[in-house]
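Read-outs: derived from the displayed coordinates by stated rules, not from any lab. Keep in mind it's a predicted model, so treat the numbers as computed, not measured. Methodologically, a virtual Cβ is constructed for each residue, glycine included, from the backbone with ideal geometry; neighbour enumeration extends over all protein chains shown.
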Amino acid sequence: MHNHRPPRSASSASYLYQSAQRPSPPTSSYASTSQPSHLRPNYPELRQGVTPAPVPTPPIIQAPPRSQPHHQHVPYPNETRGLKVVTVPKDCLQKFLGIASANTAVNKETCGLLLGKDKGSKYTVTTLLIPKQHSSSDTCTMDEEELVLQFTEERSLITLGWIHTHPSQSCFMSSVDLHTHSGFQRMLPESFAIVCAPKSKPNFGIFRLTDPPGLKTILDCKATDAFHPHPDLPIYTDADKGHVQMKEGPLEIVDLR
Ligand SMILES: [Zn+2]
Ligand SMILES: [Zn+2]
């Protein structure tokens, strides 16, 4: 999902990581399009009924202590104004980490999509979809995206967020992650990104681009260098103190791999 080097230091502005790189050339990774490909028109031949993968014993999830400097929450004016609440099943993180554990053990990333429904006054995540993918220690690229299109269209599900691991890195949004997420958030302002960093503390974060100025900053970014900085602005922020809420609820897991 990204190529990045570790955060340099824990400064008060360290949520503005400027050390990440974008894949070049982009292919079918999340970062490859400004518009999530699964939101494109659908295919008629649909497939469903995929058996959920066995879930190994998941590691303990720890809520990020907000005093940790990896990603300082900077309250941003009107950050969540007008956004619908998105509820996420509480056990989503543990289940995803369980699914990812085999990859994590060999220092490979894992990515998934969080799909759900528009309930009118809120969105509800109902399904964790693991697409076919290939990954490395710092990248994760979705394969055969048409299978994702088929699934979401047939089930009338909306992509509400995405989730990926940093198997050996800390918990932050790399610049590739930011560019990837800009494609989701421009389509749905409520879109959020969950980063799981099992070997780091805090070991997860739920993020969104600030809007303004983060979303436009990233969409307007024309950087082509593998590693490129972004302006010294609050580019992204925590979403779990805002419109994303962890709640008890059922979670369907579909593994397309
Ligand atoms: Zn990442
Ligand atoms: Zn950029």
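Annotations for the structure displayed:
- Of the trypsin sites (Lys or Arg not before Pro) in segment 212-250, those whose Cβ has at most 14 other Cβ within 10 Å and which sit in DSSP loop: Lys222, Lys241
- Our summary gives segment 193-245 a relative contact order of 38 percent, counting only alpha carbon pairs under 8 angstrom and 6 or more residues apart.
- With Cα atoms as the point set, segment 154-217 shows a radius of gyration and Dmax of 12.5, 38 Å.
- Peptides ranked, highest mean first, by Cβ atoms within 10 Å: ranges 97-108, 182-193: 182-193, 97-108
- Residue-span extension gain [Thr224 to Lys199] - 0.36 nm each, minus C-alpha spacing: 6.0 nm
- Set Lys90/Lys201; Lys95/Lys222; Lys90/Lys216; Lys216/Lys241 screened for pairs whose C-alpha atoms are more than 29 Å apart: Lys95/Lys222; Lys90/Lys216
- Remark: spin-label model distance His134-Arg81 equals 4.7 nm, labels positioned 7 Å along the Cα→Cβ axis.
- With contacts taken as Cα pairs under 8 Å and at least 6 residues apart, segment 85-255 reaches a relative contact order of 27 percent.
- The H on the amide N of Ile253, modeled in the peptide plane, is under 5 Å from the matching H of Leu128, each at least 5 residues off or on a different chain.
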